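These notes concern the structure reproduced below.
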Amino acid sequence: MALSGTVLVLSCRALSASPGMLLIQKDEVSCVRLLFMLTLLAAVLGLGIGSFLNVCICRLPEHRSIAWPRSSCPHCGRRLAPRDLVPVVSYLRLGGRCRYCREPISPQYPIVELATGLLFAAIVAAYGVSLASIKHMIFVSLLIVVAGTDINTRLIPNTVTYPGMAIGLILSLFVPGISLLQSIIGLLVCGGVVYLLALASRGGMGGGDIKLMGMMGAFLGWDAGLLALFIGALLGSVVGIERIALGKQKRRDPMPFGPFLAVGGLISAFFAPSILSFIFFQ
Ligand SMILES: [Zn+2]
């Protein structure tokens with residue numbers, strides 16, 4: 001069923017191990033070529049989806065529609081033409097400035113587009129054309145949006161996390177990996193742990209972080225979800241201590257925690273099985 005990239009390449013290698021079979025070697029070349037084309041296609045899809053994620057990052061915290069109106073320059077208000085909206089390319093061609101008023105465009109736009117493109121390519125390279133890839137693409141998109149809104153506005157919108165929890169639960173019914181029960185337990189355990197941490201930290205973490213972790217638990221299950229939380233907390237602490245040491249931040253200044261949780265979620269989504277088995281079955 002799942003045309004997993006790794007499985008595809010491995011099965012190609014196994015086939016070509018039989019000596020003197022020119023036909024099979026040809027198959028291997030076409031397998032690798034196919035995987036490369038699919039990865040490239042995923043990157044292009046990711047660039048386009050990244051452009052949409054930028055719209056979500058800018059509009060969801062303000063409760064504006066993500067479908068209408070068309071994008072416009074935040075400085076001069078001019079509606080942007082399709083040629084201004086080509087992911088990454090438009091930004092580079094315009095030198096990072098609006099075509100009409102020449103005010104600088106936030107680097108958030110190309111960064112989000114590029115990150116989504118690269119992550120989508122990595123997903124297809126790892127999971128091929130499969131339901132697991134679709135689940136990962138949705139998860140990655142949700143994480144990019146919450147990281148972006150948390151950095152910009154210190155908000156993690158419920159309009160992302162609540163539907164995200166529902167999608168995580170529903171996908172567990174169709175996608176191999178975790179069962180519905182594991183997804184429900186993941187949601188409750190991960191959300192619950194951050195709820196307790198939020199009580200203990202008295203304002204260090206907010207309701208948005210609790211719902212974000214609940215969503216991540218629904219996608220990853222409780223074990224990979226808690227691993228994501230651990231990685232996020234570790235990264236957040238290292239960056240926080242560094243910023244305090246460099247004088248960029250005071251000890252009591254709150255720092256958005258969502259982006260660190262999102263990075264933890266990304267790492268866990270790709271590597272949790274390897275990391276967990278290394279820790280527990282070493
Ligand atoms: Zn402008």
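Some observations on this one:
- The one condition from (1) closer than 19 Å to TYR127 by Cα; (2) modelled with pLDDT of 90 or more; (3) of a type outside the set (Asp, Glu) that LEU8 does not meet is (2).
- Residue within region 121-128 that is in a loop (DSSP other than H, G, I, E, B), over 28 Å from GLY225 (Cα atoms), away from the ligand (no atom under 13 Å from the Cβ) and not acidic (Asp, Glu) present: no
- Restricted to region 100-113, and to residues there that are touching a helix residue (DSSP H, G or I) at 6+ places or on another chain (Cβ under 7 Å) and more than 16 Å from the ligand (Cβ to nearest atom), the residue that is farthest from LEU143 (Cα to Cα) is PRO110.
- Flag if GLY186 is more than 17 Å from the chain's Cα centre (by Cα), assigned to a helix (DSSP H, G or I) and surrounded by 14 or more Cβ atoms within 10 Å (Cβ to Cβ): yes
- Subset of region 67-89 that is small (Gly, Ala, Ser) and within 13 Å of the ligand (Cβ to nearest atom) - its residue that is farthest from ILE151 (Cα to Cα): ALA81
- Any chance VAL160 is touching a Cys at 6+ places or on another chain (Cβ under 8 Å), surrounded by 14 or more Cβ atoms within 10 Å (Cβ to Cβ), in the same structural domain as PRO259 (by TED's automatic domain parsing) and not small (Gly, Ala, Ser): yes
- Members of region 63-99 that are out of contact with any helix residue (DSSP H, G or I) (no Cβ under 9 Å at 6 or more places or on another chain) and among the hydroxyl-bearing types (Ser, Thr, Tyr): SER72
- In region 55-65, the residues that are surrounded by 14 or more Cβ atoms within 10 Å (Cβ to Cβ) and away from the ligand (no atom under 16 Å from the Cβ): VAL55, CYS56, ILE57, ARG59, LEU60, PRO61
- Boolean, ILE156 is away from the ligand (no atom under 16 Å from the Cβ), in a loop (DSSP other than H, G, I, E, B) and either without any contact (Cβ under 8 Å) to a residue 40 or more places away in the chain or not basic (Lys, Arg) (or both): yes
- ILE167 being buried (at least 17 other Cβ atoms within 10 Å of the Cβ), over 16 Å from the mean Cα position of the chain (by Cα) and either of a type in the set (Asp, Glu) or over 17 Å from ALA42 (Cα atoms) (or both): no
- When LEU171 is tested against (1) assigned to a helix (DSSP H, G or I); (2) modelled with pLDDT of 90 or more; (3) out of contact with any Lys or Arg (no Cβ under 6 Å at 6 or more places or on another chain), only condition (3) is not met.
- Any hit, region 246-254, residues being modelled with pLDDT under 90, hydrophobic (A, V, I, L, M, F, W, C) and surrounded by fewer than 17 Cβ atoms within 10 Å (Cβ to Cβ): yes
- Restricting SER30, SER106 to those that are of a type in the set (Gly, Ala, Ser), under 30 Å from ASN158 (Cβ atoms) and surrounded by fewer than 18 Cβ atoms within 10 Å (Cβ to Cβ) reduces the list to SER106.
- Screening GLY96 with (1) among the small types (Gly, Ala, Ser); (2) away from the ligand (no atom under 16 Å from the Cβ); (3) at positive phi gives one miss only, at (2).
- In the condition set (1) within 24 Å of PHE257 (Cβ to Cβ); (2) surrounded by fewer than 18 Cβ atoms within 10 Å (Cβ to Cβ); (3) touching a residue at least 12 places away in the same chain (Cβ under 8 Å); (4) away from the ligand (no atom under 16 Å from the Cβ), HIS136 is compliant with all but (2).
The values are calculated or read from the model by the stated rules, or taken from the named source; none is laboratory data. None of these values were measured; they are calculated from a predicted model. Cβ: placed from backbone, ideal geometry, glycine included. Neighbour counts: every protein chain shown.
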